[in-house]
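Structure first, then comments.
The values are calculated or read from the model by the stated rules, or taken from the named source; none is laboratory data. Here the structure is a predicted model, which means the values were calculated and not measured. With ideal geometry, Cβ positions are generated from the backbone for all residues, glycine too; neighbour counts draw on all protein chains shown. SASA here: full protein model, heavy atoms, side chains in, ligands and nucleic acids out. Shrake-Rupley method; radii C 1.70, N 1.55, O 1.52, S 1.80 Å.
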Amino acid sequence: MSKLGNLGARLYRGEVGYDFIGKRKVWYGVSVLITITAVVALAVQGLNLGIEFKGGAVFTTPKTEASVAQAQEAAEEASGHQAIVQKLGNGGVRIQVSGVDTAKSDQIKAELATDLSVPANDINAELVGPSWGAQIANKAWMGLGIFMILCVIYLAIAFEWRMAVAALVALIHDITITVGVYALVGFEVTPGTVIGLLTILGYSLYDTVVVFDSLKEQSRGITKQTKQTYSEVANLSINSTLVRSINTTVVALLPVAGLLFIGGGVLGAGMLNDISLSLFVGLAAGAYSSIFIATPLVADLKEREPQMKALKKRVLAKRAQAAAKSESESAGQDDEPGDLAPVDAAAAAASGVVGQRRTQPPSRNRGRGRPSGKRR
């Protein structure tokens, strides 16, 4: 068995483990700090909305010798607006310019043909209205709301309402962090970004449900025993599924990291960044929230129940009783006769005790039956 598999088995049996629940205030503090940073970034910098949401024109040219920087400079001079340029696989470029109407689009097309040395008829120009992007945004918000409502209902039926609330908080946490990262790095928000956000919600919920299912099984009949509190059972559930969560997260992140860092960064396929960044950040945030946010929050909510409070008192009382018994037995062993100090010699002689050992009294028949030593 591999070292990771051996560790997973020991974590599952409870032989080793990390106290995630006991340090939940630390995790809460870290999450609050990250969330505040994301909200501030959204308020200060805002999102770099793509042309699909702001409206504008998209120009696609055939193969050209012009570089991306040259095409961007030419497009910005012709339009008077900021342009986003991406190199295509066939040697052409894709130029996005926001805030452009039909008349302005024809003028920009003609100037691009001159600056990039390509025929004007070979440049494909597409106009995108802002109303289309608004419809996408509204449908995305509607889909997000319906998704969360259905998730809460399902979790409340399959598990309990406390787990549903904790999962909802974790989902909001993941979305906020992911959107905040987009505001910080300035990546363009496109319909692909929306698709990525909706995708990570399903993954985050899956990872959370895995831990919740383990917690549900291990906490069954918990009030009938006095060995563990609910928080301790929740901590055992996290540790027992920890290796599985790590494995699934790493396996999911590897291809997404390839799209983000190699496809978008090294190869220059910028169109991959809009969806790969949301997937990468969302997958990592989902794994984090299922361990450090959702389950500790469930433990906090459950520990407020009268039954769980009574269970905690019984468990602590039994442990205190066992500790007191152990101390008394240890003290009793210290008072064993063999450990006593020697008594006074005169008292020992009078009582027949020497060094805490009783001596045999002189026998009256001493010498009987023994040869006298005289030779007959």
Next item on the list: Output the number of the condition that ILE21 fails; it satisfies all remaining conditions of (1) open to solvent by 70 Å² or more (accessible area, probe 1.4 Å); (2) within 30 Å of ALA285 (Cα to Cα); (3) at pLDDT 85 or above.
Entry: (1)
Check: Inside segment 116-151, can you point out the residues that are modelled with pLDDT of 85 or more, surrounded by fewer than 11 Cβ atoms within 10 Å (Cβ to Cβ) and farther than 30 Å from LYS87 by Cβ?
Finding: MET142, GLY145, ILE146, LEU150
Margin query: I'd like the residue in segment 207-226 that is without any contact (Cβ under 8 Å) to a residue 60 or more places away in the chain and under 19 Å from ARG244 (Cα atoms) and, out of all such residues, is least open to solvent (accessible area, probe 1.4 Å).
Written below: SER214
Check: Any chance segment 162-184 includes a residue that's among the aromatic types (Phe, Trp, Tyr) and surrounded by fewer than 13 Cβ atoms within 10 Å (Cβ to Cβ)?
Finding: no
Next item on the list: Kindly provide the set of residues from segment 185-196 that are at pLDDT below 85, surrounded by fewer than 21 Cβ atoms within 10 Å (Cβ to Cβ) and assigned to a helix (DSSP H, G or I), ordered by number.
Entry: PRO191, GLY192, ILE195
Next item on the list: Give just the number: which of (1) in contact with a strand residue (DSSP E or B) (Cβ under 9 Å, 6 or more places away or on another chain); (2) in contact (Cβ under 8 Å) with a residue 60 or more places away in the chain does ALA74 not satisfy?
Entry: (2)
Note to self: Residue under question is ALA9, and the condition is that it be surrounded by fewer than 18 Cβ atoms within 10 Å (Cβ to Cβ), modelled with pLDDT under 85, out of contact with any strand residue (DSSP E or B) (no Cβ under 6 Å at 6 or more places or on another chain) and not in a loop (DSSP other than H, G, I, E, B); does it hold?
What the structure shows: yes
Check: Of the residues that make up segment 99-110, is at least one touching a residue at least 24 places away in the same chain (Cβ under 8 Å), closer than 30 Å to ALA285 by Cα and buried (at least 19 other Cβ atoms within 10 Å of the Cβ)?
Finding: no
Check: Looking only at helices (runs of 4 or more DSSP H) that fall completely inside segment 42-153, which ones have 1 or more residues that are over 45 Å from the mean Cα position of the chain (by Cα)?
Finding: 68-79, 102-116
Check: Quick one: is LYS318 open to solvent by 60 Å² or more (accessible area, probe 1.4 Å) and not small (Gly, Ala, Ser)?
Finding: yes
